[in-house]
Amino acid sequence: MKTEHNPNIDELLVKSMLDEASVAEQIEIKQWLLDDDDNQRYFEHFELIWNESKRLARMSTVDEDAAWERFKTRTRAKEPETEVLPMYPRPVFRILRMVAMVLMTAGVGWLSYLFSTRSSSREMLTVKSGMETLTDTLPDGSVVTLNRKSSISYPKDFEGKTREVQLTGEAFFDVKPDKSKPFLISVNDVTVKVVGTSFNVKDNAEKTEVIVETGIVEVSRDTQRVRITPKEEATIVKASAQMQKSVTADQFHNYYRTRRLFCDGTPLWRLVEILNEAYEADIVIGSERLRDLPINTTFDQNSLESILGVVSETLSLKVEHRGDQIILK
């Protein structure tokens, strides 16, 4: 963990847990969290042990003061001990004693967990796309293209019998073939397994969707499992938790890579859906009779205004702006 640049961070985190951090200290903590992803992981581990220590302390019948004295005896250096005033105010000092007591009572398991997690996290890399799409090459030579506001985490080296990554958001994968070491993608509670293929994975609040371009992909969730091939997709709707397999209806999953929207008899509602996503717009269809009107054209790196202009002329629609909302009539 990269905490050496702020030697007082543990003290600040303790004060934050006790709601005793000043505004300036809260700002310092927030900046520290933003400085490095490892800092965020360190904070999560710190918070986990802190909360667990409080829970166990409530359940424990151990004499806290006696446990603390035993803890000090075990860790005391051989040289004469000089009296040191505690660096924390008494409530904070008491909580720290409780944490130490619980760690000692719980045995080496918690410490093993903490240090093993730190060790593994040091080997992990996280790539975030921010407000622009981003292409990254993984340690095995596989290439991933992240859509906006997405991220992927993976080890510095793919050791063991699998190549495992974690995805948040949406990404297109072009996986380098290796039959001896399957490629596994974890996205929420869904696992995507491949050997060498290209496909798109998209996760949002409503569903997780996997669309295959080449090769074979296996998608699993709990006991459900399905294999999909080119021009097929697997969809897991979160409200029902059911996995569905279907033929891919369009090529809109490519828009963030190709900057092209290919419409071939595409109903207006579907184009509006992808435009709202791609341009972070709020477009609504003002009449039910317009929803299924077909569109046959290709938009190549066009602005939203240009696309809506073509749609308006092609379907004889009126485009009305009402604040941030765009209404098609």
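The values are calculated or read from the model by the stated rules, or taken from the named source; none is laboratory data. Here the structure is a predicted model, which is why all the values come from computation and not from measurement. FYI the Cβ positions are ideal-geometry reconstructions off the backbone, even for glycines, and counts take in every protein chain you see. For accessibility, only protein heavy atoms count, side chains too; no ligands or nucleic acids. Shrake-Rupley method; radii C 1.70, N 1.55, O 1.52, S 1.80 Å.
Can you give the accessible area per residue of the stretch 166-306, in Å², using a 1.4 Å probe? List each step's numbers first, then the result.
Working: 7290 Å² over 141 residues.
Per-residue value: 52 Å².
For a Förster distance of 51 Å, can you work out the FRET efficiency between the beta-carbons of N8 and S180, rounded to the nearest 0.05? Write down the numbers at each step before the final one.
Details: r = 48 Å, r/R0 = 0.94.
With a Förster radius of 51 Å, E is 0.60.
Under a plain spin-label model, where a point goes 7 Å from the Cα along Cα-to-Cβ, how far apart in nm are E206 and V284?
1.6 nm
Just to verify a number: FRET efficiency for K156 and K238, C-beta to C-beta distance, R0 = 45 Å, to 0.05? Walk me through the numbers on the way to the answer.
Numbers: r = 32 Å, r/R0 = 0.71.
It comes to 0.90.
Got a number for carbon plus sulfur as a percent of the stretch 174-297's accessible area, 1.4 Å probe? Provide the component values of the computation, followed by the final result.
Working: 2990 of 6450 Å².
Carbon and sulfur atoms account for 46 percent of the accessible area of the stretch 174-297.
Quick one: net charge of S240's neighbours, Cβ under 15 Å, K/R +1, D/E -1?
0
Assigning unit charges at the beta carbon (Lys, Arg +1; Asp, Glu -1) and nothing else, what dipole magnitude in debye, to the nearest 20, does the stretch 146-186 show about its Cα centre?
Values: 8 positive and 6 negative charges, 5 e Å.
Here the size comes out at about 20 debye.
Which of I285, H253, V319 sits closest to the plus end of the dipole of the stretch 244-329, meaning its Cα is farthest towards the positive end, when Lys and Arg get +1 and Asp and Glu get -1 on the C-beta?
H253
Would you please put 166-178, 27-39 in order of how densely packed they are, using the mean number of other Cβ atoms within 10 angstrom per residue and starting with the highest?
166-178, 27-39
Under a Cβ-only charge scheme (Lys and Arg +1, Asp and Glu -1), can you give me the dipole magnitude of the stretch 180-329 about the Cα centre, in debye to the nearest 20? Could you put the intermediate results ahead of the total?
On the way: 19 positive and 22 negative charges, 91 e Å.
Dipole size: approximately 440 debye.
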